[in-house]
Amino acid sequence: MNKVLGDVRLYKFDVPSESDVGIIVVSCEGGHESRKFQLSQYTGRGRQRRGSKAGLSKKFVDMINWSFMMMRDDIAIKIHKQIFDHIVSNFCFTNLDNVPPACPVLVFHFQTRGFGQDHVPEIDITRTLLHTLRTRHSILADEDAITRCVPIAPPATKILDCYQSSELCFLCEKGYTRDVEIVHKTRCNHIFHGTCISSYLMRTPHCPVCSAHLPPVDMRTLLFS
């Protein structure tokens, strides 16, 4: 069964003795793929990040591409672009050049679904995170880890799973007829194709229908609040 993107979730994971760490987790039927990386090498400002969007570098796109290598090539290419555009239209990473000691781990969780599945279930990824960090249970128990993994809600848009409607996208004036189409709902309850609204919000941080202010949120503020 072919897979498509079902959800994108971000978490801050407060783990003792960890600093400047990010984790990518891809969940599909049968298990998880995960990868640990140095957060400040992929975010912030600087010449080495020239061409990045909202402070998230092109190296991050390469990591997403690697994470979805188990998928069919054409689907993987489309998905990793949609993920990148979705994240940078919701969050700003430009202030993460330097991170304080023992800062929370930033987790990017991507869930896939098969064609025909009508929803993406909630999945507990704390054991996967502990395994990826090689954190011993004597240091951080599973029960404690669950309370330390705090979801970060997208401030502007969220993905609607398996959305179907006779209405047209306000931005491209096309319908929502394909199973692989990723659809977003804004905080002000308007529906758009994911690629349409993500590209629009990167240029103009307002809803194209009602002009509600939908700016990307400073990730540093969310991580350390």
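Points worth noting:
- Taking each residue of the range 25-40 that is of a type in the set (Asp, Glu) and looking for partners that are surrounded by 19 or more Cβ atoms within 10 Å (Cβ to Cβ) and part of a loop (DSSP other than H, G, I, E, B) with beta-carbon atoms closer than 9 Å, six or more apart or interchain, yields Glu33/Phe68.
- Hits in the range 172-225 (condition: outside any helix (DSSP H, G or I), surrounded by 15 or more Cβ atoms within 10 Å (Cβ to Cβ) and hydroxyl-bearing (Ser, Thr, Tyr)): Tyr176, Thr186
- The range 44-56, residues that are more than 14 Å from the chain's Cα centre (by Cα), surrounded by 19 or more Cβ atoms within 10 Å (Cβ to Cβ) and either at positive phi or modelled with pLDDT of 85 or more (or both): Gly44, Gly55
- Residue within the range 175-187 that is farther than 16 Å from His86 by Cα, basic (Lys, Arg) and over 15 Å from the mean Cα position of the chain (by Cα) present: yes
The values are calculated or read from the model by the stated rules, or taken from the named source; none is laboratory data. No experiment lies behind these values; they were computed from the predicted model shown. Note that each Cβ is placed from the backbone with ideal geometry, even for glycine, and that neighbours are counted across all protein chains shown.
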